[in-house]
1. Can you list, largest first and rounded to whole Å, the semi-axes you get for region 101-161 by taking the square root of 5 times each eigenvalue of its Cα gyration tensor?
2. Once the dipole of the chain is set up with Lys and Arg at +1 and Asp and Glu at -1 on Cβ about the Cα centre, which of VAL5, ASN92, ILE17 lies farthest towards its positive end?
3. Give me a comma-separated list of calculated 3J(HN,Hα) values for region 221-230, in order, Karplus coefficients 6.51, -1.76, 1.60 applied at θ = phi - 60°, integers in Hz, x for any Gly or Pro.
4. Just the isolated ones, please: cysteines in the chain lacking another cysteine beta carbon under 4.7 angstrom.
5. For LEU180 paired with LYS225, estimate the spin-label separation in nm (one decimal), with each label point 7 Å from Cα along the Cα-to-Cβ line.
6. Using modelled backbone amide H atoms (1.01 Å from N, in-plane), which distant-in-sequence or interchain residues come within less than 5 Å of MET25's amide H?
7. Grab the alpha carbons of the chain, take their convex hull, and tell me the volume per residue in Å³.
8. At a Förster distance of 22 Å, what's the computed FRET efficiency of VAL244 paired with ARG144, Cβ-Cβ distance as r, to 0.05?
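Please treat every number below as a calculation from the coordinates, not as lab data. Keep in mind it's a predicted model, so treat the numbers as computed, not measured. Because the Cβ atoms are built from the backbone with ideal geometry, glycine has one as well, and the counts that use them run over all protein chains shown.
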Amino acid sequence: MAFPVIYPKHLQEQMKIAGSAKAIMCGYCGNENYSDSDLWVCSHCENPNQASLITISLNDPVLMGAIASTNKLLQQNYVRGALAEYEKVTKNYADPGFIYYYALLHIQASNYEVSQIRYDRKGFMEENATHRSAASDFASKARRLLFKTAVVCQKNMAEDQKNPLLPFVLFMASVKLGNLRTAKRAVEQLSQLESPLLLKYADMLYNMELGKYDIAASRALEMTKKGFMSINAFYYISLALLKVGRIDMAQTLLGAYGKYVQNNSVNALAGAIAAEEKV
Ligand SMILES: [Zn+2]
């Protein structure tokens, strides 16, 4: 398959449509998302959100309070405090999406510790060792939580075979674990349920993982059409463009996307594009 033809101007117009949709809070991480449909994938944690379930979450003051204080602690870089706060959520709510986000917070904590390691100053070796060990602890906790997410999804799927959110979260956790066999099976399970957007999204990520950037980009393009839109698709088109060496176009699209969505993934991709430009 050839890499699909990309029309940046047209995509920027489509992005405007996506970005003009109503902003709805993610029921797992509290991020504001643009969506004009009843089912969407969060631009921050990539948990699937369903309008009916989100309404329940948004009306739950205990849950909303815990998510808000987690985010406040994260902004203050008090990562351990944020983890302790969010742990309460995973204890009180059975939805595996909460465990999945808790795992992502551990990955973030691990990355934060790695970022604190400095090789350029003398006499900081002991401090580096502390950060390295903390990073490794957070990373292994993240893996355990991703396993737990997968186990809970599979258990719930045995009881509720009609819920497309479960195989989707199973897919996300499996990809993060590098378990592509389970991820593939989750895509197959998703294809049995009538949830075309989640299926398309998972299929896009699966092909991205396999390095089939042409297929991934064409799946993403299908999600830039009105009525069947995920604003995250524009991010993945930029990523696919970077992977196939189309740096300028990747940068143009990401620049437009960054007006609507700001998060660590966008910053990291912008950094990767900038690094390629220097080569
Ligand atoms: Zn989220």
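1. Here the semi-axes work out to 36, 8, 5 Å.
2. So the residue furthest toward the plus end is VAL5.
3. Each residue's phi maps through the Karplus curve to give 4, 5, 9, 10, 9, 4, x, 8, 10, 10 Hz.
4. CYS153 - these cysteines have no disulfide-compatible partner (Cβ-Cβ under 4.7 Å) in the chain.
5. Using points 7 Å along Cα→Cβ, the separation is 2.9 nm.
6. Counting only residues 5 or more places away or on other chains, the set is ASN33.
7. Dividing the Cα hull volume of the chain by its residue count gives 138 Å³.
8. 0.05
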